[in-house]
Amino acid sequence: MKTIIEPFKIKMVEPIRLTSAAERETILRRAHFNPFQIPAEDVIIDLLTDSGTTAMSSAQWAGMIRGDEAYAGARSWYHFEKVLRDLTGMPHILPTHQGRASERILFELVGGPGKVIPSNNHFDTTRANIEHSGAQAVDLVIDEGLQPANRHPFKGNLDPRKLEALIDRTGAEHVPLCMVTVTNNSGGGQPVSLSNLREVRAICRGHGIPLFLDACRFAENAYLIKQREPGQQGQTARAIARAMFDLADGATISAKKDGLVNIGGVLLMRDDRLAERANNLLILTEGFVTYGGLAGRDLEAMAQGFMEVLDEDYLHYRVRSVAYLGEHLLAAGVQIIEPPGGHAIYIDAAAFCPHLPPAQFPGQALVCAFYRAAGIRAVEIGSVMFGRVDPDTGEASHPPMELVRLAIPRRVYTQSHIDYVIEAVVEVFRRREQIRGLRITEEPPTLRHFTAKFEEV
């Protein structure tokens, strides 16, 4: 059938307040043109992130009632550990309160001045935690991954030639690990192929460098491998996911994505000595090793979510519904990162707003235009999130792409909500020349996109 239906029934609803254009103008200015500062109740369709915004299942809620809140060795911990070990094959399972906590522990242990961490593309918190340790985060995505209209099926791939060149240039002793983000969030939610992971793994092994996955969206990546990679069509998403983890020496996971929960994370490791050091740091900053800063009920919800996310009816609906949004925007002339990925549609803000230079933050301006027009909240992934200002010269550098991400929360919105988004984006596109640029009036030293203040040029 051509019609996309949600493979679930709606059991509980939450009302949406439908704001007026005049109200939204006031709200946007009060938020200093930063969508992170807009109260959620003033948003009609919230596509700011797919992280922690999932609608949990009845089985997950039932698990939360059963949660064992013992401080050490709770039943919920052993259930969670078994599910993650069966899924990933990793011997060391460390729960954390969310993905960036896993990143902080990992890079506090392996980072530091003089160290270089390569990846296909580091996302914002990963890069921030690496740089906070004093290390350098380097992106090595394939060239096709920087071309929005290129329909390469695996634009998230890490370029093996670039990786070899980096190792030759810096020396393997300065590369404590290589990280591959699956799917590649900063690069348009694009998947990484199994063959690319194998090639990267071989390079890393040849130089004695551990390979880690940023596996927040491992299930979506596995399903896109099943759809797009030759020889994988007969495999289950679960088998492909296990093959991905089998190639890795460890992983960080924000369970707020493919764990289908509202809070929680995981740090996975094979190395016994590194895991022992990580456990000690976990106890210092998160909690005991069998709860990691979470309640037992959260561990139960994560365990159930990591099982449900590999249901292929769910994954088909998830990937196909995101593609539906992308296909309709392309048909209207809106350039997106092609082909659509697993969790979001990324609009090419530079092509949408050619009259705005990077210094006027076209992505942030476009995000504000969507909120003004229809109460839709999205997020900029461009010069606000990844731009840099040289402290010595004052010159600004800009990332290769200026994007706006429309991240779809899991099991939250129906097709009619997505049709509303399509209508709004197309309407803004028709009058795109009216969009005004922005300048920053106040910003923090790191992760400025969360709290920076703007005014219109």
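The values are calculated or read from the model by the stated rules, or taken from the named source; none is laboratory data. Only a predicted model underlies this, so the values are computations on that prediction, with no experimental measurement involved. In this analysis, Cβ positions are derived from the backbone assuming ideal geometry, glycine residues included, and neighbour counts consider all displayed protein chains. Just the protein is used for accessible areas: all its heavy atoms, side chains included, with ligands, DNA and RNA removed. Shrake-Rupley method; radii C 1.70, N 1.55, O 1.52, S 1.80 Å.
List of remarks:
- Loop-located GluC sites (Glu not before Pro) in the stretch 270-365 (DSSP state not H, G, I, E or B) with no more than 12 neighbouring Cβ atoms inside 10 Å do not occur.
- Dipole axis of the stretch 232-292 (+1 Lys, Arg; -1 Asp, Glu on Cβ), positive-most option in G287, G264, A251: G264
- Once the 1.4 Å probe is applied to the protein heavy atoms, the stretch 332-387 comes out at 18 Å² accessible per residue.
- Here the gap between A22 and R161, fully extended at 0.36 nm per residue and compared with their Cα-Cα distance, gives a gain of 44.8 nm.
- Cα-only radius of gyration and Dmax that characterise the stretch 180-219, units Å: 10.7, 30
- More than 45 angstrom apart: percent of Cα pairs within the chain: 7
- Where only C-alpha atoms are counted, convex hull volume of the stretch 187-287 per residue in Å³: 121
- Of K2/K82; K82/K155; K226/K256; K115/K162; K82/K115; K155/K257, those spanning more than 28 Å from alpha-carbon to alpha-carbon: K2/K82; K82/K155; K82/K115
- DSSP loop chymotrypsin sites (Phe, Trp or Tyr not before Pro) with at most 15 other Cβ within 10 Å excluded, longest remaining stretch of the chain: 72-457
- Unit charges on C-beta of K, R, D, E only; dipole of the chain, Debye: 600
- Percentage relative contact order, the chain, counting C-alpha pairs under 8 Å, at least six apart: 23
- FRET efficiency for E173 and D246, using Cβ-Cβ distance with R0 set to 22 Å, rounded to 0.05: 0.25
- With helices as the sole contributors, the chain gives -12500 deg cm²/dmol at 222 nm; each DSSP H run of n ≥ 4 counts as -39500 (n - 2.57), and the sum is divided by every residue.
- Top positive-direction residue, dipole computed over the chain with Cβ charges, set I167, Q37, G208: Q37
- Between R431 and K453, the contour length at 0.36 nm per residue exceeds the alpha carbon distance by 5.4 nm.
- The stretch between K82 and R320, if pulled fully straight at 0.36 nm per residue, gains 82.6 nm over its current Cα-Cα span.
- Average projected area [Cα convex hull, the stretch 280-342], square nanometres: 6.8
- Sorting 198-210, 254-266, 169-181 by average packing, meaning the other beta carbons within 10 Å per residue, from highest down gives 254-266, 169-181, 198-210.
- To put it simply, the accessible area of the chain at a 1.4 Å probe is 53 percent carbon and sulfur.
- q = 0.20, 0.21 Å⁻¹: log10 I(q)/I(0) that the Debye formula gives for the stretch 45-107, counting C-alpha atoms only: -1.11, -1.17
- Note on the stretch 331-398: Cα-only Rg and Dmax are 13.6, 45 Å.
- Hydrodynamic estimate: the Kirkwood radius of the stretch 405-457 over Cα pairs, inserted into Stokes-Einstein at 10 °C and 1.306 mPa s, corresponds to D of 113 µm²/s.
- Normalised alpha carbon radius of gyration of the stretch 1-104 [divisor 2.2 N^0.38 Å]: 1.54
- Between E276 and A72, the FRET efficiency estimated from the beta carbon spacing at R0 = 22 angstrom works out to 0.80.
- Cα-based equivalent ellipsoid of the stretch 53-202: semi-axis lengths in Å, sorted from largest, via gyration tensor: 32, 21, 14
- The stretch 300-413: Cα Rg divided by the 2.2 N^0.38 Å rule of thumb: 1.28
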